[in-house]
Amino acid sequence: MTKDQSHQRIKKLRDLINHHRYLYHVLDKAEISDEALDSLKKELFDLEQKFPDLITPDSPTQRVGGRPLAEFKKVIHYNRMLSLNDAFSKEDMQDWLERIFKLLTPNEREQVDFYCELKIDGLAIELEYENGVLKTGSTRGDGSIGEDITQNIKTVQSIPLSLGKFKIQDSKFKIPRAFIVRGEVFISKKEFNAINEIQKQKGLPLYANPRNIAAGSVRQLDPAITASRNLDSFAYDIITDVKADTHEKKHTILKDLGFKTNNYNQYCKNLEAVFNFYQHCGKIRENLDYEIDGMVVIINNNAIFEKLGVVGKTPRGAVAFKFAQNQTTTKVLDIKIQVGRTGAITPVAVLQPVLLTGITISRATLHNEDEINRLGIKIGDTVIVGRAGDVIPDVIKVLPELRTGDEKNFTMPRVCPSCKTKLEKSSTEVLLRCPNAKCFARQRRSFYHFVSKKAFDIDGLGPKIIDRLLDEGFISDFADIFELQEGDLAGLERFAEKSISNLINSINQKKVITLAKFIYSLGIRNIGEETAVDLARHFGSLKELQKAKLSDFDAIANIGPIVAESVYEWFNKKENQDLLIKFNKLGIKIKNLEKLAQGKLAGKVFIFTGSLDSIERELAKEKVRDLGGQTTESISAKVDFVVAGKEAGSKLVKAQKLGVKIINEKEFLGMLN
């Protein structure tokens with residue numbers, strides 16, 4: 001074969017191999033076998049070896065080539081590679097939209113729509129093409145300067161080495177001489193598991209997640225190592241001006257040019273459509289071949305996106321709408337019932353221990369009977385569990401496809417597992433409750449709560465000692481704790497004399513407590529720390545709170561009818577009134593507060609939204625309370641002032657609709673002075 005004949009053959013082989021590469025790695029199709037494709041590659045390789053001057057940078061044989069690099073060169077990005085702010089809820093997304101709406105005209109607001117992309121757990125890259133041929137591939141780096149990883153990028157089969165071989169839908173489109181594309185390099189779950197299996201066999205540490213491997217793989221000095229990792233890629237943006245009026249149009253151009261784009265990406269007309277797509281993404285997440293941790297929501301109209309600009313290192317017109325929970329699968333070994341201090345009956349799944357968000361968990365709440373029915377959960381089921389922040393893990397979904405037939409149904413009890421009292425459910429709640437105030441399980445948890453750090457904070461009086469004291473009959477109500485003497489405990493086994501002395505001293509040192517902590521310690525249903533503070537600041541003393549009528553709670557911004565009834569009912573029960581008398585006789589001193597009516601902001605309710613420059617928000621709230629005012633988190637007609645800081649959220653919009661007075665930080669500080 002002459003050189004001219006070889007040249008023609010090489011061109012045809014390149015085009016054919018690239019065609020099948022595109023089918024297989026981008027469209028996930030195959031028209032010929034792997035063996036046949038390998039044969040074509042071998043023929044091309046042999047011809048190029050015979051005529052080295054016919055080798056071109058975009059040849060399929062150049063995807064793995066060259067010697068290992070000594071170091072990575074630096075690459076200056078034409079435009080900064082930005083990062084995204086995160087959103088974790090519908091409220092966060094609504095706040096984001098309201099913030100950007102303030103920067104747009106009414107006409108522009110009507111044009112706002114969205115393009116949503118799955119947020120791949122991978123590594124951001126930039127690809128620069130010159131005259132249609134890949135010139136440089138680089139990492140994000142610090143956003144302005146990245147690392148040249150061109151040789152490694154060439155090993156990623158889904159990234160085209162040259163452009164223009166495909167039919168462009170827009171016949172007027174011409175590939176610019178310099179053409180810059182951005183995307184994501186990632187590794188599939190299958191490849192991730194295979195690599196970790198090799199690590200395991202070699203006795204080496206396992207990789208924590210696919211992103212770590214993807215990032216490490218593109219930064220290998222030897223491209224052959226990168227090639228062995230079988231990386232994949234999605235393209236998601238064009239930086240060069242291609243006269244596309246929408247972000248969706250950019251994706252169409254990318255796909256036409258032979259880039260792999262994510263078929264799950266979706267146009268969304270409004271936020272409601274975004275939320276629906278978000279829910280869909282959560283459902284398909286486990287079935288995807290790659291990891292995602294949410295989705296990227298982008299203003300689709302490119303002109304509006306550009307107008308919104310950049311704040312810091314993030315574009316205003318895009319946000320990462322992340323999944324709130326990290327999830328994993330495990331087995332349900334048992335389902336047990338927990339009796340809370342207010343009598344609430346909570347089913348808890350006992351799990352095969354599993355690592356979730358960095359910690360080992362063996363329990364997950366099932367919330368209530370309705371949730372058990374919704375999940376259709378059985379003992380022995382394989383389930384998906386999730387955990388957001390520091391909250392108790394949840395069972396997200398049951399996987400009935402993995403059942404063996406040995407699973408057991410679970411039925412909620414109708415009597416309390418502790419005291420055998422018939423359980424009750426009110427018309428306003430989904431929870432079953434044990435109505436027996438003397439129930440041992442309820443008592444035990446009530447005592448745990450009473451001595452906890454946020455309540456009386458009695459050092460040394462933990463759950464095990466409380467259990468012993470209850471079992472032995474030394475305490476039957478909270479006040480009994482303060483009647484304990486060293487001699488009373490001397491006969492208890494495994495109690496050293498010194499530890500008894502220390503415990504009694506600790507109890508005696510806690511006889512003085514603030515009104516807010518005292519209210520919280522009582523374990524009144526529906527009363528948390530913040531509500532206890534609101535009650536303490538409003539009434540000023542325990543005596544005033546005891547005298548309160550139901551109508552007296554209406555003036556407290558954060559207290560609704562259900563909470564008011566709980567408090568009123570507690571203080572009007574004879575047994576609780578006797579308990580308060582007993583506390584007083586035992587020398588419990590409650591530090592009262594000045595009633596709100598005596599402060600300059602008396603009767604005024606404040607709400608804060610946005611960030612303040614000269615004072616932290618929590619300190620600002622404290623200042624309001626010190627001057628007799630109240631703070632709340634819920635906007636309503638009861639609010640007197642909304643203090644609006646920078647980038648105020650949805651509360652500001654709601655306040656405007658309700659006609660609540662809005663003041664800025666300077667005006668607020670003036671009120672304090």
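Rule-based calculations on the coordinates, nothing more; no lab input. Note that the structure is a prediction, hence the values are computed from the model and not measured. Virtual Cβ from ideal backbone geometry, glycine too; neighbours counted across all protein chains shown.
A Cβ-based charge dipole, computed about the Cα centre of the chain with Lys and Arg at +1 and Asp and Glu at -1, lands at about 520 debye. Positive contributions from Lys and Arg (+1) and negative ones from Asp and Glu (-1), summed over other residues with Cβ under 11 Å from the Cβ of Lys589, come out at +3. Applying 0.36 nm per residue to the separation of Lys269 and Thr105 and subtracting their alpha-carbon distance, the gain on full extension is 57.2 nm. At full extension, Asn85 and Ser362 could sit 96.4 nm farther apart than now, given 0.36 nm per residue minus the alpha carbon distance. Spacing of the modelled spin labels on Asp613 and Arg414, each 7 Å from Cα toward Cβ, amounts to 6.7 nm.
Pairs of Cα atoms nearer than 8 Å and 6+ residues apart set the relative contact order; for the chain it is 9 percent. Rounded to the nearest 5, what is the percent of antiparallel bridges among the DSSP beta bridges in segment 598-672? Percentage antiparallel, nearest 5: 10. The calculated FRET efficiency for the pair Thr514 and Leu470, based on their C-beta separation and a Förster distance of 35 Å, comes to about 0.85.
Looking at segment 325-435 alone, DSSP beta bridges between its own residues are antiparallel in about 95 percent of cases.
Considering only Thr261, Leu163, Ser138, and ranking their Cα positions along the charge dipole of segment 86-322 that arises from unit charges at the beta-carbon of Lys, Arg, Asp and Glu, the one farthest toward the positive end is Leu163. Neighbour counts of C-beta atoms inside 10 Å place Ser634, Ser551 in the sequence Ser551, Ser634, starting with the fewest. From the square roots a ≥ b ≥ c of the eigenvalues of the alpha-carbon gyration tensor of segment 598-672, which class results: rounded (a/c under 1.5), prolate (a/b over b/c), or oblate? Here segment 598-672 falls in the oblate category.
Overall, the anisotropy analysis places the chain in the prolate class: the square-rooted eigenvalues a ≥ b ≥ c of its C-alpha gyration tensor yield a/c not less than 1.5, with a/b exceeding b/c. Over all other residues within a Cβ to Cβ distance under 13 Å of Lys190, the charged ones net out to -3, with Lys and Arg as +1 and Asp and Glu as -1. A straight Cα-to-Cα reach below 13 Å connects Lys638 with the aspartates and glutamates Asp554, residues fewer than 8 places away in its own chain not being considered. With both residues required to sit in the chain, DSSP beta bridges show an antiparallel share near 80%. Annotation: cysteines of the chain without a disulfide-compatible partner (Cβ-Cβ under 4.7 angstrom) are Cys116, Cys268, Cys281. Around the Cα centre of segment 598-672, unit charges on the Cβ atoms of Lys, Arg, Asp and Glu (plus for the first two, minus for the last two) sum to a dipole of about 320 debye.
Any idea which of Ser418, His20, Ile504 is furthest toward the positive side of the dipole for the chain, if Lys and Arg beta-carbons carry +1 and Asp and Glu beta-carbons -1? Highest projection toward the positive end goes to Ile504. Think of the chain as having a plus end and a minus end, set by charges on the Cβ of Lys, Arg, Asp and Glu; of Leu118, Ser233, Asn301, Asn301 sits farthest toward the positive end of this dipole. Using only Cα atoms, tell me the angle between helix 3-25 and the longest principal axis of the chain; keep it within 0 to 90° and round to the nearest 10. With both axes taken from Cα atoms, the answer is about 20 degrees. Structure note, pairs Lys336/Lys464; Lys189/Lys378; Lys255/Lys283; Lys174/Lys250; Lys408/Lys464; Lys438/Lys464: Cα-Cα distances above 24 angstrom occur for Lys189/Lys378; Lys255/Lys283; Lys408/Lys464. Over segment 593-673, Cα pairs under 8 Å with separation of 6+ residues give a relative contact order of 33 percent. The GluC sites (Glu not before Pro) of segment 609-643 that meet both conditions, a loop assignment by DSSP and at most 16 other Cβ atoms within 10 Å of the site Cβ, are Glu616, Glu633. Charge tally for Gln338 (other residues, Cβ to Cβ under 10 Å; Lys, Arg +1; Asp, Glu -1): +3. Secondary-structure-derived ellipticity at 222 nm for the chain, considering helices only, amounts to -10500 deg cm²/dmol, per-run term -39500 (n - 2.57) for DSSP H runs with n ≥ 4. With R₀ fixed at 22 Å, the C-beta to C-beta distance from Ile76 to Ala244 puts the FRET efficiency at about 0.35. Label-to-label distance for Glu424 and Ile562 is 1.7 nm, based on points extended 7 Å past Cα in the beta-carbon direction.
FRET efficiency for the pair Glu575 and Glu306, taken as 1/(1 + (r/R0)^6) with r the Cβ-Cβ distance and R0 = 45 Å, rounds to 0.10. Taking the centroid of alpha carbons for each part, segment 392-414 and segment 504-540 are 40 Å apart. Each label point was placed 7 Å from the Cα along the Cα-to-Cβ direction; for Asp459 and Leu399 their separation is 4.8 nm. Restricting the trypsin sites (Lys or Arg not before Pro) of segment 243-314 to loop positions (DSSP other than H, G, I, E, B) with no more than 16 neighbouring Cβ atoms within 10 Å leaves Lys243, Lys269, Lys313. The charge dipole of segment 86-322, taken about its Cα centre with unit charges on the Cβ atoms of Lys, Arg (+1), Asp and Glu (-1) only, comes to about 460 debye. Could you state the angle between the C-alpha long axis of helix 617-626 and the longest principal axis of the C-alpha atoms of the chain, as a value from 0 to 90 degrees rounded to the nearest 10? It works out to around 20 degrees. Fully extending the segment from Glu622 to Arg285 would add 117.0 nm, taking 0.36 nm per residue of separation and subtracting the current Cα-Cα distance.
Between the amide H of Ala87 and those of Ala320, Phe321, Lys322, distances stay under 5 Å, these residues lying 5 or more places away or on another chain, with hydrogens modeled in the peptide plane. Computed on segment 86-322, with alpha-carbon pairs under 8 angstrom and 6+ residues apart, the relative contact order is 31 percent.
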